[in-house]
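The values are calculated or read from the model by the stated rules, or taken from the named source; none is laboratory data. The model shown is predicted, which means the values in this text are computed figures rather than measured ones. Cβ sites come from the backbone with ideal geometry, for glycine too, and all protein chains shown count toward neighbours. Just so you know, the surface numbers come from the protein's heavy atoms only, side chains and all, with ligands and any DNA or RNA stripped out. Shrake-Rupley method; radii C 1.70, N 1.55, O 1.52, S 1.80 Å.
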Amino acid sequence: MRKEELKKAKLLLEHDELVAIPTETVYGLAANAYSDNAINKIYALKNRPASNPLIVHISNASKLENIAQNIPEVAFKLVEKYWPGPITLVLEKQEHISSLITAGLNSVAVRVPNHSLTLELLNSVNFPLVAPSANRSNHISPTHPEHVKLSFGYKAPFILNGGQCAKGIESTIIGFEDSVPKIYRQGAIGQDEIEEFLRLKVISTSSNQPIVAPGMSHKHYSPNTDFILSDNIELAAKKFEGKNIGLLLAQPHKTIEANFPHKILSRNGSLNEMMNNLYSYMYALDQLNLDIIIAEKVVNDGVGIAINDKLARASNQQY
Ligand code: TXA
Ligand code: MG
């Protein structure tokens, strides 16, 4: 079964077709990184603006210098510690990397994903894979094969089924300015952890700063239902009384839970569990034909910062 699925995925990719691949973060929509024809299909299927560059996925760190050059020492430190894993590095690109991947930038984003099926697939083909998250542009990122189907409908590509993603939110993206690490996107590894490991403060871009990386556009990850972010869930529920409300709760709230369909990100305050459930629960609530989803901010600490960032980008209002 596993063998046949892998063979099918390999053949499709070798014929410039797209395949949805499991990673530890979210499902990716993969194509041959050395074929512009294949890469164009990603932008078309996702309806992704050509100005939003893609991440190159490689099978192991020894391939890094095929993709990037003039790599700062601190980047190698991160590679050694976190790959395979949910850190993406933005580095000076090698000449031959297609400008379709980088949206014309001189830099390229690259990572080694940590999922056995996808690593096996990467080892079986003789090219790296570009893979944005396997959802329509601006829709919720998929952490399960069903989500890929929900996002693309009948246009869904072949999905290599690797089950539920272990982390549940995207990789943390780190670039370098004069060798100083800078976080371009909060993700599955918290900034605090990275700072502790490197023993230095890293700069981070926040959502009210101008957009540095094209993919930092403010609206992102959105359900189809109106999505409101709040730090006082009781008050927000009262304000929208009369509407068909669903709640995405950070923690249990006995009194209002009883009155609305809801999902609880974690019953015991575990940020890892919250990260794990975030997109799944967004998809689930989005299926309920609600007028409005009210989401509760989580503790703004560790990966909680990334979770709040995703919630903010999903929302069209804060209350
Ligand atoms: O966890 C992940 O990173 C997942 C899995 C599938 O690997 N992929 C993912 O890809 O989240 P995507 O395309 O949804 O997000 C890629 C982000 C975008 O925000 C894009 O702007 C940024 O990476 N990016 C890519 N190349 C860049 C570059 N050269 N400079 C700055 N940002 C870049
Ligand atoms: Mg994405």
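The set of residues in region 106-132 being touching a Pro at 6+ places or on another chain (Cβ under 7 Å) and touching a residue at least 60 places away in the same chain (Cβ under 8 Å) consists of Ala109, Pro113, Asn114, His115, Leu117, Thr118, Leu119.
Tell me the helices (runs of 4 or more DSSP H) entirely within region 113-202 that contain at least 3 residues that are within 16 Å of ligand 2 (Cβ to nearest atom) and open to solvent by 10 Å² or more (accessible area, probe 1.4 Å). Before you say what the answer is, go through the steps one by one.
Values: elements: 116-124, 145-152, 191-198.
In region 113-202, the matching helices (runs of 4 or more DSSP H) lie at 145-152.
The residues of region 39-54 that are free of Cβ contacts under 8 Å to residues at least 40 places away in the same chain and hydrophobic (A, V, I, L, M, F, W, C) amount to a single one, Ala44. Which numbered condition trips up Tyr279, out of (1) within 16 Å of ligand 2 (Cβ to nearest atom); (2) modelled with pLDDT under 95; (3) under 22 Å from Gln318 (Cα atoms)? Only one criterion is unmet by Tyr279, namely (2). Restrict the check to region 82-90 and report whether at least one residue is more than 16 Å from ligand 2 (Cβ to nearest atom) and over 18 Å from the mean Cα position of the chain (by Cα). Checked region 82-90: no residue is more than 16 Å from ligand 2 (Cβ to nearest atom) and over 18 Å from the mean Cα position of the chain (by Cα).
Could you list, in sequence order, all residues of region 275-292 that are open to solvent by less than 10 Å² (accessible area, probe 1.4 Å) and either assigned to a helix (DSSP H, G or I) or at positive phi (or both)?
From region 275-292, those open to solvent by less than 10 Å² (accessible area, probe 1.4 Å) are 275, 278-279, 282-283, 285, 292; that's our starting set.
Across region 275-292, the qualifying residues are Met275, Leu278, Tyr279, Met282, Tyr283, Leu285.
Screening Met1 against (1) among the hydrophobic types (A, V, I, L, M, F, W, C); (2) open to solvent by 20 Å² or more (accessible area, probe 1.4 Å); (3) away from ligand 2 (no atom under 15 Å from the Cβ); (4) in contact (Cβ under 8 Å) with a residue 12 or more places away in the chain leaves a single unmet condition, (4).
Applying a threshold of 6 Å to beta carbon distances and a minimum spacing of six or more residues, or different chains, the list of pairs starting in region 55-69 at a residue that is in contact (Cβ under 8 Å) with a residue 60 or more places away in the chain and on the phi < 0 side of the Ramachandran plot and ending at one that is of a type outside the set (D, E, K, R) and surrounded by fewer than 15 Cβ atoms within 10 Å (Cβ to Cβ) reads Ser59/Asn123; Ile67/Gln94. The residues listed here are Ala306, Ala295; of these, the one that is crowded, with 16+ Cβ neighbours inside 10 Å and assigned to a helix (DSSP H, G or I) is Ala306.
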